[in-house]
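No value in this document is a laboratory result; all are computed from the given coordinates. Keep in mind that this is a model prediction, so the values were computed, not measured. Note that each Cβ is placed from the backbone with ideal geometry, even for glycine, and that neighbours are counted across all protein chains shown.
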Amino acid sequence: MGILGFFEPMGCSKEAATMPTNGKLKDNVDIIEKIKTLPALESFDENDLKELLRISKIVRYEPGDLIVDEATYDGWIYYLISGRVRITKSGNDLAVLQRTGDVFGEVGNMGSGELSVSVYALDEATCLKIDISSVDGLPNENRYVFRYVIFRGFAEVLAKRLRITTEKFLAAKEEIDRLKEAAGS
C-alpha cells in the first residue's frame, strides 16, 4: 500500500475528515509530494513517512483561524505545507512564516511548560500536524529518528530566533546609546 493509504483526507473544514473527491485526491497527492520534500523529512523512506502520517494529521486552516494558542497546551508540532501563518505573543506580531517546511508548535516538551506564542492562518494554510506524545509509542528505531528530526527542527528555529533577538537587542542598544549621547550634548 502506498503512502496515500495512510493519509487521512481532510476536508475544507478545520479537522473534518471526508472521503476525497477526485479533485481532493489530487490535492492530497500534491500534499504528500510536498511532505516528501520537507527538509526535515527528506531522509525518510516511504515506510518512515507512512509511520509519521499514521501519527499525524494534515489540516487546512482558513484565513484568521487560530492554529496554536499561547495559553493552551496542545501537544502538537506543525510543519507548514502551504500558505502563510502569523506568529504573535500577547497580541504583538513577531513573524510571518510562509516557507514549506517552516515549523512551529509545542515547545512545552522542551522545558517551558506552555506555548510561548499564538499562531494564526493569514491565508488558507495547510499544515502537517504531528502528535508529539504519539512519537513515544513508536518502535525504538522510529521513535529516535522522529525525535531527532523534531528536535533538530526546533533547534534550527530557536537558533534563528536567537539570531534575530540578538540583532534587535544590538540595534536597540545602539539607539539607546545614540539617544543618551544626543541628550547629553
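Determine ³J(HN,Hα), in whole Hz, for all residues of the range 120-135 in sequence, where each value follows from phi through the Karplus function 6.51 cos²θ - 1.76 cosθ + 1.60 and θ = phi - 60°; x replaces Gly and Pro.
Along the range 120-135, the couplings run 10, 6, 8, 10, 5, 10, 10, 10, 8, 10, 10, 6, 4, 5, 6, 4 Hz.
Can you pick out the pairs among Lys57/Lys160; Lys34/Lys160; Lys36/Lys57 whose Cα atoms lie more than 18 Å from each other?
Those over the limit are Lys57/Lys160; Lys34/Lys160.
Given a Förster distance of 25 angstrom, what is the FRET efficiency for Arg54 paired with Gln98, based on the Cβ-Cβ distance and rounded to 0.05?
Efficiency, rounded to the nearest 0.05: 0.35.
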